[in-house]
1. Can Ile8 be described as away from ligand 2 (no atom under 15 Å from the Cβ) and of a type in the set (Val, Ile, Thr)?
2. Counting just the residues of the range 26-54 that are within 16 Å of ligand 1 (Cβ to nearest atom) and among the β-branched types (Val, Ile, Thr), which one comes out most open to solvent (accessible area, probe 1.4 Å)?
3. Mind listing whichever residues of the range 1-25 are under 14 Å from Ser72 (Cβ atoms) and open to solvent by 20 Å² or more (accessible area, probe 1.4 Å)?
4. Every residue in the range 93-111 that is among the small types (Gly, Ala, Ser) and within 16 Å of ligand 1 (Cβ to nearest atom), please.
5. How many residues, within the range 73-119, are open to solvent by less than 20 Å² (accessible area, probe 1.4 Å) and more than 13 Å from ligand 2 (Cβ to nearest atom)?
6. Please indicate, with yes or no, whether at least one residue in the range 140-160 is open to solvent by less than 30 Å² (accessible area, probe 1.4 Å), more than 13 Å from ligand 2 (Cβ to nearest atom) and within 20 Å of Val5 (Cβ to Cβ).
7. Within the range 55-65, identify whether any single residue is at pLDDT below 95, away from ligand 1 (no atom under 16 Å from the Cβ) and open to solvent by 20 Å² or more (accessible area, probe 1.4 Å), and answer yes or no.
8. Can you pull out every residue in the range 78-87 that is under 15 Å from Gly35 (Cα atoms) and either in a helix (DSSP H, G or I) or modelled with pLDDT of 95 or more (or both)?
Amino acid sequence: MAGRVIAIDGPAASGKSSVARSVASTLGFLFVSSGHFYRALAWGTVIESIPDEALNDWLMSRHLGVEEKENSISLLLDGKDATSHLSDPEVAAKVSQIASFPCMRDFVNSRLHALAEERDLVMEGRDIGSVVFPDTPWKFYLDASPEERARRRAREGDVDPIAERDRLDSTRVTAPLVIPEGSDVIDTTRMTLEQVVDVVISRLGNLQPSNP
Ligand code: CDP
Ligand code: CDP
């Protein structure tokens, strides 16, 4: 039987991954960042200098392995652990462009669907409630002002063009960032992480934790 999926979408640095990780840990669900899949592939195209016109063929011979570790996953691109490269500046600069290609989205979506066949998930991204799992009853859209989001990312010390990524993610033709129909919208600009987690958990009502 397919697992349950809690979908959390929103723009960069709105708090999706921190909130999703915490909610997953509370419920015993698996935490999945769909952005990590796009980042792992973007990393591959950077180190192999793959031009856009060769992306489709390149993807066909890629193996993206998923390894479960303590309620979360790591990604192995052709056997190489991508984890330490996901926030590389070159990856941050390229990922949104890569993610706009339909072949990339199909490749990632099939792997996200496969995960949900086996496990209860808290999955965060840009199109989880709108495209990947539109039928899930648990959908959240986190937002915060652009200034607050830029401050949050700067505090982490990462070089990350979030305004440009937001622009590309919201304007692309395939699966743009939108507020999914039926989602619960939370403006986190003046909220702490703990407050956002509490609101999400309270709105899940009587959703039962995963069996150990
Ligand atoms: O996954 P996403 O890019 O949406 O955001 P994140 O990586 O979870 O959060 C970005 C940073 O903002 C992290 O350092 C969080 O601790 C911080 N944050 C915050 O200060 N207040 C919030 N309400 C949510 C996140
Ligand atoms: O943590 P942050 O929100 O900054 O980024 P992320 O979730 O790691 O996603 C990196 C990029 O992957 C996004 O800017 C999008 O271009 C792309 N992405 C997407 O297109 N669809 C998703 N479901 C998740 C990420």
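The values are calculated or read from the model by the stated rules, or taken from the named source; none is laboratory data. Note that this is a predicted model, so its numbers are computed, not measured. No Cβ is skipped: glycine too gets one built from the backbone with ideal geometry, and neighbour counts run over all protein chains shown. Each accessible area value is taken on the protein alone, full model and side chains, heavy atoms only, with ligands, DNA and RNA left out. Shrake-Rupley method; radii C 1.70, N 1.55, O 1.52, S 1.80 Å.
1. Values: away from ligand 2 (no atom under 15 Å from the Cβ): no; of a type in the set (Val, Ile, Thr): yes.
So Ile8 does not fit the description; no.
2. My answer is Thr26.
3. Those that are under 14 Å from Ser72 (Cβ atoms) and open to solvent by 20 Å² or more (accessible area, probe 1.4 Å): Ser17, Ser18, Arg21, Ser22, Ser25.
4. The initial filter retains those residues of the range 93-111 that are among the small types (Gly, Ala, Ser), namely 93, 96, 99-100, 110.
Within the range 93-111, Ala93, Ser96, Ala99 qualify.
5. Of the residues in that region, 3 qualify.
6. yes
7. Pass one, the range 55-65, residues at pLDDT below 95: none.
Within the range 55-65 (the criterion being at pLDDT below 95, away from ligand 1 (no atom under 16 Å from the Cβ) and open to solvent by 20 Å² or more (accessible area, probe 1.4 Å)), the answer is no, since none of the residues qualifies.
8. Filtering the range 78-87 down to residues under 15 Å from Gly35 (Cα atoms) leaves 82-87.
Scanning the range 78-87 gives Ala82, Thr83, Ser84, His85, Leu86.
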